[in-house]
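Asks: First, the structure itself, so that you have it in front of you.
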Amino acid sequence: MPYASLPKLDYPYDALEPHIDARTMKIHHTKHHQTYVDKLNAVMEKHPELTDRPLEQMLMKLDSFDIPDADKTAIRNHGGGHVNHSLFWQIMGPEKTVDTKLQADIEATWQSLEVFKKEFSEKAATHFGSGWMWLVRNASGSLEIRGLPNQDSPLLMGMTPVFCLDVWEHAYYLKYQNRRADYIAAWWNVLKLLP
Ligand code: MN3
């Protein structure tokens, strides 16, 4: 049994059209996400003593493991890639299933949903290079917008992921090319948690 496997999507690849196109979804899921799963499994095969641990717990305690630094980096990158994409597929959908508690928390923290979306969108549009924009809960439970590089998970920093937006070029380039801001604007339509 491999440590990790590619999760199935709850919707077909074309379900997020026209905002995210079917070809991007299929390549993103079956090629990019699968590669993170495969490379995570490859490093975990070297450490059978760790395989009874959930990935989230490993990312939270990565520094404490007595394994080579290169293997920690592989778990950070490929394990992060696996948990980040797994969450990304779940927080999107063809129909809204609004989390009213989350919406109220956002409105209490940012005054309004519009102010929050504007700040999140601007940070996502200007995030340098490959990475993700996150809504997280920090250690004291407050909501924060955080941009993280590469496939770094907020779990590495003791933060709890709420939702995330993939701003790697592979997430949007086929449809949007260099127009990352257009991809971000369209993405709010398929983030199912917020109206
Ligand atoms: Mn991606």
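Asks: State whether one or more residues within the stretch 156-163 are within 16 Å of the ligand (Cβ to nearest atom), in contact with a Phe, Trp or Tyr (Cβ under 8 Å, 6 or more places away or on another chain) and among the β-branched types (Val, Ile, Thr).
Replies: For the stretch 156-163, residues within 16 Å of the ligand (Cβ to nearest atom), in contact with a Phe, Trp or Tyr (Cβ under 8 Å, 6 or more places away or on another chain) and among the β-branched types (Val, Ile, Thr): absent.
Asks: Shifting gears a bit: Go through (1) part of a loop (DSSP other than H, G, I, E, B); (2) away from the ligand (no atom under 13 Å from the Cβ) for Gln151 and report which single condition fails.
Replies: That leaves (2) as the condition not met.
Asks: Quick check on the stretch 64-77. Is at least one of its residues within 27 Å of His32 (Cβ to Cβ) and within 16 Å of the ligand (Cβ to nearest atom)?
Replies: For the stretch 64-77, residues within 27 Å of His32 (Cβ to Cβ) and within 16 Å of the ligand (Cβ to nearest atom): present.
Asks: Can you tell which of Gly81, Gly158 is surrounded by 15 or more Cβ atoms within 10 Å (Cβ to Cβ) and more than 25 Å from Pro18 (Cβ to Cβ)?
Replies: Gly81
Asks: Between Pro7, Pro12, which is surrounded by fewer than 17 Cβ atoms within 10 Å (Cβ to Cβ), more than 17 Å from Gly81 (Cβ to Cβ) and touching a helix residue (DSSP H, G or I) at 6+ places or on another chain (Cβ under 9 Å)? Steps first, please.
Replies: Details: Pro7 fails: more than 17 Å from Gly81 (Cβ to Cβ).
None of the others qualify; the one that does is Pro12.
Readers should treat all values here as calculations from the given coordinates under stated rules, not as data from a laboratory. As the structure is a computational prediction, the values presented were derived from the model and not from experiment. Every residue, glycine among them, receives a Cβ derived from its backbone with ideal geometry; neighbour counts consider all protein chains shown.
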